Each structure stands twice: as C-alpha cells, then as structure tokens.
Amino acid sequence: QVQLVESGGGLVQAGGSLRLSCAASGSIFSINAMAWYRQAPGKQRELVATITSGGSKNYPDSVRGRFTISRDNAKNTVALQMNSLKPEDTAVYYCNARVLNSATMTVINYWGQGTQVTVSS
C-alpha cells in the first residue's frame, strides 16, 4: 500500500501565501507524475498543477504565475507554493501521485486525504 500525507493548509487573507506539502510512503518502486487538485464546495475536483518525474510543470490559467509546484524525487515529496491567494482559491486541496507499486509492479493512482485552504477577503 502507498500513503500520501498532506500538510500546510489553513486560513489566510487574500493576497497572502501558503505552502502545501505532500509525502508519499509505502510500496513505492517509482513515482511518475505528481499533482495537486482542489475541490470547492458544490464544484468538481479540478487540476491545479502537475509535475513529471523529469520536472516538467503544467498549470491551468487560473493559477499560473501565482502557484509553483516542486518535488523532491529522493524523498518522494511534492509541494505547492501558493502566492497572491484569492478567495476563489478556497477549497480542499488533494495530493495525487501515479505510483509504480513495488508490491504489485502495477501503476496505481493514489490520493491524499485532502487539506483545507481558506482565503478570506
């Protein structure tokens, strides 16, 4: 089994910053892409940022220039630096990883439990 544990959410005023972290552990042979998603109340889960094992990054227009994703392949961690936060960024943020499971040698998509980010106006 593989676990993803997130940390770093909280309450911040508009214009402020937060940094989310996610650590993967367990039966990991390798990790391909890692990503952050978010889900606001009453809305579908949406992609916030992705990063490949080679470091290629992708962002939707809604966060490009404000959010930065990074990862440490040696530690199996991924982080999301969020700057210039807006009230519309309020959501539960989820870590995601496509893992080659060392026990089954299959690629499985894993999710963290989510961390709340609330941006007040």
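The values are calculated or read from the model by the stated rules, or taken from the named source; none is laboratory data. Predicted model only: the values in this text are computed from it and were never measured. Cβ placement follows ideal geometry from the backbone for every residue including glycine, while neighbour counts extend to all protein chains displayed. All accessible areas refer to the heavy atoms of the entire protein, side chains included, with ligands and DNA or RNA removed. Shrake-Rupley method; radii C 1.70, N 1.55, O 1.52, S 1.80 Å.
Observations
- Carbon-plus-sulfur accessible fraction, the chain (probe radius 1.4 Å, protein heavy atoms only): 49%.
- Annotation: Y110 carries an accessible surface of approximately 20 Å², with a 1.4 Å probe and no ligand, DNA or RNA atoms counted.
- All aspartates and glutamates inside 19 Å of K86 as judged from Cα atoms, apart from same-chain residues fewer than 8 positions distant: E46, D61
- Residue ranking by accessible heavy-atom surface, 1.4 Å probe, largest first, among R38, R71, R19 comes out as R19, R71, R38.
- Excluding ligands, DNA and RNA, the accessible surface per residue across the chain is 51 Å² with a 1.4 Å probe.
- Simple Cβ-charge dipole of the chain, Lys/Arg +1 and Asp/Glu -1, about Cα centre, in debye nearest 20: 120
- With DNA, RNA and ligands ignored, accessible area of K86 (1.4 Å probe; Å², nearest 10): 80
- Panel note: the C-alpha atoms of the range 62-121, placed on their principal axes, show extents of 47, 20, 18 Å (largest first).
- Percentage of interatomic Cα-Cα distances in the chain larger than 18 Å: 48
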